[in-house]
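Read the structure below first, then the notes.
The values are calculated or read from the model by the stated rules, or taken from the named source; none is laboratory data. Computed from a predicted structure; not experimentally measured. In this analysis, Cβ positions are derived from the backbone assuming ideal geometry, glycine residues included, and neighbour counts consider all displayed protein chains.
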Protein chains: 2
Amino acid sequence: MKIVVLKFGGTSVGSTDRIKKVSKIIISYVQKKYKVIVVSSAMSGVTNDLVKKSKKISNEFVSDEYDVLVSAGEQMSCSLIAGRLNHLGYKSRSWLGWQIPILTEGKHSSSRIQKIYKKNIIKYLKLGGIPIVAGFQGINSENRITTVGRGGTDASAIMLARFFRAEKCIIYTDVDGVYTSDPNTIKKAKKIKVISYEEMLEMASSGAKVMQPHSIQDARLNRINIEVKSSFKKSLGTLITKRKNIFSSKIIRGISFTKNDAKVTLIGVKDKPGIAAAIFEPLYKNSINVDMVVQNISPNGKETDLTFTIKSENLNKTQKLLKKSKKISFRKIIVDSKVSKVSIIGVGMITTPGVTYRMFNALAKKNINIIVISTSEIKISVLVNRKNLNKAIIALHKEFNLEK
Amino acid sequence: MKIVVLKFGGTSVGSTDRIKKVSKIIISYVQKKYKVIVVSSAMSGVTNDLVKKSKKISNEFVSDEYDVLVSAGEQMSCSLIAGRLNHLGYKSRSWLGWQIPILTEGKHSSSRIQKIYKKNIIKYLKLGGIPIVAGFQGINSENRITTVGRGGTDASAIMLARFFRAEKCIIYTDVDGVYTSDPNTIKKAKKIKVISYEEMLEMASSGAKVMQPHSIQDARLNRINIEVKSSFKKSLGTLITKRKNIFSSKIIRGISFTKNDAKVTLIGVKDKPGIAAAIFEPLYKNSINVDMVVQNISPNGKETDLTFTIKSENLNKTQKLLKKSKKISFRKIIVDSKVSKVSIIGVGMITTPGVTYRMFNALAKKNINIIVISTSEIKISVLVNRKNLNKAIIALHKEFNLEK
């Protein structure tokens, strides 16, 4: 069976008119002789409305009932899609998590799909049916409804593609692909035709919101080709695939950035084993995510300076937590709430010398001061003053020929 | 186990504030040492909104997906109630049709509850939990979601009371009970403390919209005491029970009426066997409900006059259907689109002579002409000109001492 998994996000099914449009997209694959498995999110706005209701009921709404509540959103959108396909003369029905079943493990509201039972769906596909699978939801071993976290319909799509050995997994969304940088900020940003999982992961975690990082990771582990496409206009999307499939002379694939970072520097920290852990423990316990971390070598072997970045919104709380902590001592704390991170991403840099130099040089020529540097195998990130952010992206976009 | 079933209608759970209020009602029964089974409708407006969406998708939306769609409404309300009870420190969870399971038979969208499996709920009750059962829904033998028709949460409540042998089944709604007549029309209408199933059935089918007739019938067959109460204010409701439990000197329990009836008289119908069936066949096939039917004896044995009533809104269609039908012939058709039916209802009339006389006499004294008369064991209905409707109800309400 030549199976394709089509995933539709919330805006793609955001109204009954939109549902009529995606039904046509679905049919176009049937006409190409694919066996189509559809997986849909809730209509946009529905999940937010339900979450809002749950908060009015309780500021700590129990997670098992939260899953029951929000999973109703996908139930509604899937039945409407199936209803439309029936209206157009196609055999179709909704499949809820418990009907397939899709078995999950882990906590409510952040479960992971463990197994998808294939029998029912395969039988239905063989009968010529188009299954519309409710994304985001499954059941656990106690027969309770579970969900896989916000944006979890991507995870459902990847797992369906994996278990049914789909030829393709197409993520239909409201953007038409992945860009070299945010097209709203950088006018010369270009759509990327093909990108590796690793590059996409770095793009995603640095701000490109096309797909959830853990879904990309799942696709990478299972070698599933993903196409990201727009359900609003006809155009080629972006293929996310393994490095080997990519033939391109580009060293850098794209530039990602953050807007609202803050920098914290602790001066004169007692340099002893376990001190970094002691500093970050209270932040971790308060769900404050630390991004870049730089520690200077202590000149006298007794004291050191430590710099790290967090989201600006967490700055006040972070200062309080650090000052309150009894496990650490430092002489002074310096903060800067107006910094941004710019990253260049590309598997090409592994085999190409001089990328770091070209990056720093391009920024220097524009008089942009680099506050912190952090590198990984396929990414170089620098922290800059926020007022220099746009200038930095444009300079790097040009330096690495992303405009062509 | 001393079990009580509490049913909440759509307006009773129509907002998160309302859900907070019904949660308190639920807890009050727990404090009285009841094992409480809750069954809830969707929040008011939700089902209508979903139905509207289905109509935009297709004017003939498939019934199996319709059931998936609308049953999401109860899923949401039940999870919110359970969430609130958890917030208040009580062990509670939602139970969907498939989780119990509640097995239904018959067509989608108008299924009937066949069996409720008790094991899971009994276990949960023994653990001290408060199950919040999604009303209106079940599953069929193919594991598809089914619904039992609009207003079907009453049916769910009665069946839960039956299978769990509940001591009481309390229907919480937005009215505080059953009245001797519509309190909006008749200011002197009084709340009825206790009414028999049979009387309630006649009240329901004649316009009192407190409960669906088939749910009352189910309660009657299973001898389940029902209390109809308001979830909006504290007050005694109406007990619906078997005749034997009622000790009351009232001959007449209440007066029901319709507002928008039309009368159709066919003059000079060929009097032969099967003619009545031939007349009503096209109406039945077009889902036009015929209420009162009177046939005059044919003086010459060849022709007869036939009178029946329908809803005013169906009058035009009925006339067309009758004129078009080839199976029937008549000389003339006379219609009156402005008639109303008034009924007096009471089991007391079985053993009390003279009720018919008193009714006709009371109307005659007010110069109200009776157009058609129809009687059953516990009900006498008359058709009057609509302009006389209120006068008729008031006169009868007084005649049978319902004001006291």
Taking B:Lys115 as meeting all but one of (1) outside any loop (DSSP other than H, G, I, E, B); (2) within 13 Å of chain A (Cβ to nearest Cβ); (3) more than 22 Å from B:Thr173 (Cβ to Cβ), write down the number of the exception.
(2)
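So that you can scan it fast, the table gives a plain yes or no per residue for (1) in a loop (DSSP other than H, G, I, E, B); (2) surrounded by 21 or more Cβ atoms within 10 Å (Cβ to Cβ); (3) modelled with pLDDT of 90 or more; (4) in contact with a Pro (Cβ under 9 Å, 6 or more places away or on another chain):
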| position | (1), (2), (3), (4) |
| --- | --- |
| A:Ile195 | no, yes, yes, no |
| A:Glu199 | no, yes, yes, no |
| A:Met211 | yes, yes, no, no |
| A:His214 | no, no, no, no |
| A:Ser248 | yes, no, no, no |
| A:Lys259 | yes, no, no, no |
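Take the conditions at negative phi, aliphatic (A, V, I, L, M) and free of Cβ contacts under 8 Å to residues at least 40 places away in the same chain and apply them to A:Leu315. Does it pass?
Numbers: at negative phi: yes; aliphatic (A, V, I, L, M): yes; free of Cβ contacts under 8 Å to residues at least 40 places away in the same chain: no.
Taking the combined requirement at face value, the residue does not satisfy it.
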Exactly one of these conditions fails for B:Lys7: (1) part of a loop (DSSP other than H, G, I, E, B); (2) crowded, with 23+ Cβ neighbours inside 10 Å; (3) among the basic types (Lys, Arg). Give me its number.
(1)
On the basis of being under 22 Å from the mean Cα position of the chain (by Cα) and more than 20 Å from B:Ala276 (Cβ to Cβ), does B:Ser381 make the cut?
no
Kindly indicate whether B:Lys168 is charged (D, E, K, R) and surrounded by fewer than 16 Cβ atoms within 10 Å (Cβ to Cβ).
no
Hey, can you tell me all the residues within the stretch A:129-167 that are of a type in the set (S, T, N, Q) and touching a strand residue (DSSP E or B) at 6+ places or on another chain (Cβ under 9 Å)?
A:Gln137, A:Asn140, A:Ser141, A:Thr146, A:Thr147, A:Thr153, A:Ser156
Right, B:Met159: closer than 27 Å to B:Gln114 by Cα and either modelled with pLDDT under 90 or part of a strand (DSSP E or B) (or both) or not?
no
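Residue by residue through the stretch A:55-71, note down the ones that are in contact with a His (Cβ under 9 Å, 6 or more places away or on another chain), part of a helix (DSSP H, G or I) and either within 7 Å of chain B (Cβ to nearest Cβ) or of a type in the set (Gly, Ala, Ser) (or both). Please lay out each step first, then the result.
Looking only at the stretch A:55-71, we keep the residues that are in contact with a His (Cβ under 9 Å, 6 or more places away or on another chain), and these are A:57-67.
Restricting the remaining residues to those that are part of a helix (DSSP H, G or I) gives A:57, A:63-67.
Hits for the stretch A:55-71 are A:Ile57, A:Ser63, A:Asp64, A:Glu65.
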Residue match in the stretch A:121-129 (condition: surrounded by 24 or more Cβ atoms within 10 Å (Cβ to Cβ), aromatic (Phe, Trp, Tyr) and either touching a residue at least 12 places away in the same chain (Cβ under 8 Å) or away from every other protein chain (no Cβ under 14 Å) (or both))
no
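When the residues of the stretch A:74-109 are filtered to those that are among the hydroxyl-bearing types (Ser, Thr, Tyr) and under 26 Å from the mean Cα position of the chain (by Cα), which remaining residue is farthest from the other protein chains (Cβ to nearest Cβ)?
Quick first cut of the stretch A:74-109, residues among the hydroxyl-bearing types (Ser, Thr, Tyr) only: A:77, A:79, A:90, A:92, A:94, A:104, A:109.
Keeping just the survivors that are under 26 Å from the mean Cα position of the chain (by Cα) gives A:77, A:104, A:109.
Values: A:Ser77: 9, A:Thr104: 16, A:Ser109: 12 Å.
Per the stated criteria, the residue is A:Thr104.
The rows are residues; the columns are (1) farther than 16 Å from A:Ile186 by Cα; (2) without any contact (Cβ under 8 Å) to a residue 12 or more places away in the chain.
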residue: A:Pro353; (1), (2): yes, yes
residue: A:Tyr357; (1), (2): yes, yes
residue: A:Ile368; (1), (2): yes, no
residue: A:Ser374; (1), (2): yes, no
residue: A:Glu377; (1), (2): yes, no
residue: A:Arg386; (1), (2): no, no
residue: A:Ala392; (1), (2): no, no
On the given criteria, is B:Phe164 among the hydrophobic types (A, V, I, L, M, F, W, C), out of contact with any Asp or Glu (no Cβ under 7 Å at 6 or more places or on another chain) and closer than 22 Å to A:Arg144 by Cβ?
yes
Determine if the stretch A:72-94 includes at least one residue that is in contact (Cβ under 8 Å) with a residue 40 or more places away in the chain, of a type outside the set (D, E, K, R) and part of a strand (DSSP E or B).
yes
The lone condition B:Lys52 fails out of (1) at the interface with another protein chain (Cβ under 10 Å from one of its Cβ atoms); (2) in contact (Cβ under 8 Å) with a residue 12 or more places away in the chain is (2)
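Report, by residue number, each residue of the stretch A:104-120 that is in contact with a strand residue (DSSP E or B) (Cβ under 7 Å, 6 or more places away or on another chain), surrounded by fewer than 18 Cβ atoms within 10 Å (Cβ to Cβ) and on the phi < 0 side of the Ramachandran plot. Give the steps one after another, and end with the answer.
First pass over the stretch A:104-120, keeping only residues in contact with a strand residue (DSSP E or B) (Cβ under 7 Å, 6 or more places away or on another chain): A:104-106, A:108-109, A:111-116.
Among the residues that remain, those that are also surrounded by fewer than 18 Cβ atoms within 10 Å (Cβ to Cβ) are: A:105-106, A:112, A:114-115.
Selection gives A:Glu105, A:Arg112, A:Gln114, A:Lys115.
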Look at the stretch A:33-65 and say how many of its residues are among the acidic types (Asp, Glu) and surrounded by 15 or more Cβ atoms within 10 Å (Cβ to Cβ).
2
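Would it be correct to say that B:Phe232 is loosely packed, with under 14 Cβ neighbours inside 10 Å, assigned to a loop (DSSP other than H, G, I, E, B) and more than 16 Å from the chain's Cα centre (by Cα)?
Working: loosely packed, with under 14 Cβ neighbours inside 10 Å: no; assigned to a loop (DSSP other than H, G, I, E, B): yes; more than 16 Å from the chain's Cα centre (by Cα): yes.
Considered against the rule, which asks whether it is loosely packed, with under 14 Cβ neighbours inside 10 Å, assigned to a loop (DSSP other than H, G, I, E, B) and more than 16 Å from the chain's Cα centre (by Cα), B:Phe232 comes out as no.
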